[in-house]
Amino acid sequence: MRELRPRLHRYCARMTGSIFDGEDVLQETYVKALQAFAEQHGEIVRLESWLFRIANNTALDWLRRRARQESTTLPDENASEAADTASGPDTPAEISTGLRRFMQLPVIQRSSVILMDVLGYELQEIAAMLEVSVAAVKSALHRGRARLAELAREAEPAAICVLPPRERVLLERYVTRFNARDFDAVRDMLADEVKLDLVQRVRYHGKAKVSTYMHNYEGVAGWRFSIGIVEGRDVIVVRDPNFSTDQPAYLICLDWQDDRVTSIRDFRYARYVMDCIEISASHRHIPN
């Protein structure tokens, strides 16, 4: 199942409109798949189709939950202030995911277009995954492609960076300390109850445990952090010289509270998320 993970993520990311939400849905998909596999009697026929059916149903459940949450969420009074602080000469470069247009398609159209035009499945395979008729898939493809062609002629609105100015300063400090190889200073920025999700590998809780994760970075040379914006949030963009000196290898997301890092989500071992990302400008490097 590990070999299918990048393809499943491409599907989930386009269904949810987010590489980060897509990873959440993918992780939930694998949990459900393992539970179903344990209860399965006999061999699973066409494992790939089986997994995609679970991923599709999990994505639909996620979309329904989000719709309910959005219907009960009040507008953010700080949104306009955040938008004002996000503009300016020092704003990090936007890294476009190109996923938002898919969200403007009805679910069946979105699923069909992704499975055929992005992932290359045949009509019969798609019908089996979505548990609909081939005729329904054909109709959804026709309508979905036409709508995407219309959307492609429209300017896609830029996502707004909503990180408060104070947290942006802290993120720059974190990046600066990493690039200076001052890992003790980086560890000093961690909250006592910090959580780490090293995607596809491990999860740690607590400063002492998460601090050991820094040893992996202390042992490598030439790696550089910079700041970019993905889906409206500031992220750390990582360059691995063993991968490419020009293109970013993966992302790291941080959350903050009271000037301390409360969570780290590191995609070092889940670089497939970069398949959904387009680089629209040079990233802003933070000097030593």
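The values are calculated or read from the model by the stated rules, or taken from the named source; none is laboratory data. Given the structure is predicted, the values throughout are model-derived calculations rather than measurements. So basically every Cβ, Gly included, is an ideal-geometry build from the backbone, and we count neighbours across all protein chains shown.
Data overview
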read-out: Selection from the range 250-265 of residues that are more than 14 Å from the chain's Cα centre (by Cα) and without any contact (Cβ under 8 Å) to a residue 40 or more places away in the chain; value: D255
read-out: Filter result (loosely packed, with under 15 Cβ neighbours inside 10 Å and touching a Phe, Trp or Tyr at 6+ places or on another chain (Cβ under 9 Å)) within the range 201-216; value: R201, V202, T212, H215
read-out: Among the residues listed as R239, R268, R233, the single one being surrounded by 15 or more Cβ atoms within 10 Å (Cβ to Cβ), more than 23 Å from G17 (Cβ to Cβ) and within 14 Å of the chain's Cα centre (by Cα); value: R268
read-out: Count of the range 57-116 residues which are closer than 30 Å to A146 by Cβ, at pLDDT below 90 and either in contact with a strand residue (DSSP E or B) (Cβ under 9 Å, 6 or more places away or on another chain) or outside any helix (DSSP H, G or I) (or both); value: 6
read-out: Flag for V45 being out of contact with any Phe, Trp or Tyr (no Cβ under 7 Å at 6 or more places or on another chain) and part of a loop (DSSP other than H, G, I, E, B); value: yes
read-out: Leading residue by the ranking (modelled with the lowest pLDDT) among those in the range 151-187 that are surrounded by 14 or more Cβ atoms within 10 Å (Cβ to Cβ) and of a type in the set (D, E); value: E167
read-out: Qualifying residue in the range 188-200 (condition: basic (K, R) and either at pLDDT 95 or above or touching a strand residue (DSSP E or B) at 6+ places or on another chain (Cβ under 7 Å) (or both)); value: yes
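Each row is one residue, and each column tells you yes or no for (1) charged (D, E, K, R); (2) under 22 Å from the mean Cα position of the chain (by Cα).
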| site | (1), (2) |
| --- | --- |
| P165 | no, no |
| R168 | yes, yes |
| Y174 | no, yes |
| K195 | yes, yes |
